[in-house]
1. How many percent of DSSP beta bridges within the chain run antiparallel, rounded to 5?
2. With angles folded into 0 to 90 degrees, how steeply does helix 29-42 sit against the dominant principal axis of the chain? Use alpha carbons for both and round to 10.
3. Among ASN332, SER62, GLY232, which residue has its Cα furthest toward the positive end of the charge dipole of the chain, with +1 on Lys/Arg Cβ and -1 on Asp/Glu Cβ?
4. Please label the shape of the chain as rounded, prolate or oblate, based on the square roots a ≥ b ≥ c of the eigenvalues of the alpha-carbon gyration tensor (a/c under 1.5 means rounded; beyond that, a/b larger than b/c means prolate, else oblate).
5. Tell me the per residue accessible area of the chain using a 1.4 Å probe; a whole number in Å² is fine.
6. To the nearest 10 degrees, how steeply does helix 301-316 sit against the main Cα axis of the chain, on a 0 to 90 scale?
7. For segment 153-168, what does the Karplus curve 6.51 cos²θ - 1.76 cosθ + 1.60, with θ = phi - 60°, yield as ³J(HN,Hα) per residue in whole Hz, taken in order and with x for Gly and Pro?
8. Are any of the pairs LYS66/LYS104; LYS4/LYS45; LYS8/LYS45; LYS4/LYS104; LYS85/LYS133 more than 19 Å apart by Cα-Cα distance, and if so, which?
Amino acid sequence: MTIKDVAKRSGYAVGTVSRALNGHPDVSEETRARILTVVDELGFKPNSNARHLKQREGNEFSIIVKGAHNILFASIVEEMQSHIKDAGRSVTVHYLDEDDDEVKQALQVYREHKPLGIMFLGGNLNNFSQSFKHITCPCVLVTNRADTLGFPNLSSVSTDDVAGAAQAMGLLLDAGHCRVGIIGGENYKIDPKLGYNTSQLRFVGCQQACIQRGMNFDSEHQFIASRYSMEGGYEAAGLLLDRYPDMTAILTMSDVMAIGALRAIHDRGLRVPDDISLIGYDGIEQADFCIPRLSTIRQNVEQLARRGVDILLRQTEGGQSVHEIIPFQIVNGESVRVVAK
């Protein structure tokens, strides 16, 4: 099996096939996709010695950040850069909007820069399921679980989002709040074939906490989808207050949403926690400086970053992919009050 066989089956010239396999940017995505499909169909394996003569392997790592304004991710990136530098390597960081396709961006980085490995901060499992097979370098997905995807070169480091959200909701329910609104990510509905994204896992945790206490949760009435931003949290909280006026507490699936919600509650002439209790998720530094200090689920930023880098370094030396869960901490600040049951 040679490159000529791939060219014959695909209908493209040998030179075009060669450029597509070597990641040249002058090949259209449609052409490259067709050629890669034929490569998979034929089981073609490019001659590694020949390819190494034509291309130089990169000597740096890449970080793909899904969410340019995500404060938690900014802290993790800073820790990652420090650990990678300590390992004697360099790193480039690529920031995307939270609605962009992180795997498509990573595929472009992989073909053009040939990094030693790629770290993803945040991700949509559907994007990985569709396109990740074309990336063969070691990769680690941080803050999301990837064990359901089954890619041998993809590890993951994350917090137990189900347990974390269940504890956050449990804190509110145990404090006597039986009318709780939730502000979460856009994609909270489950696709069993892919596994759960972060928002879905946290939503499941909230449901479990309600079920364990014999309470119903009406997602159509009590849930508002939002972007992971202060602006999104502000808008979603306003919608919840209009839709659910007898609500006594709000749970948000990120601290930045909670900070936006805090302002929306204040602008309605209400106070936290006297009128509305509030709890977030992530444990960003800014949560400690809100008035009142925000109750939240704190993720271990340093450990998420360190383990992600350590695993990626080990994979570049031939190690197997692994999937780790990092412990979280529940922080009971000043934004939740106990009410009469």
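1. Details: 5 of 41 bridges.
Of all bridge pairs located within the chain, approximately 10 percent are antiparallel.
2. 70
3. Of the listed residues, the answer is SER62.
4. prolate
5. Details: 16120 Å² over 341 residues.
Spelled out: the 1.4 Å probe surface of the chain, per residue, equals 47 Å².
6. For 301-316 against the chain, the angle is about 20 degrees.
7. Residue by residue, segment 153-168 yields 9, 10, 9, 8, 9, 8, 8, 6, 5, 5, 5, x, 5, 4, 5, 4 Hz.
8. LYS4/LYS104; LYS85/LYS133
The values are calculated or read from the model by the stated rules, or taken from the named source; none is laboratory data. What you see is a predicted model; the values in this text were computed from it and never measured. Counting neighbours? That spans all protein chains shown, and the Cβs are built from the backbone with ideal geometry, glycine included. We work out accessible area using only protein heavy atoms, side chains counted, and drop any ligands, DNA or RNA first. Shrake-Rupley method; radii C 1.70, N 1.55, O 1.52, S 1.80 Å.
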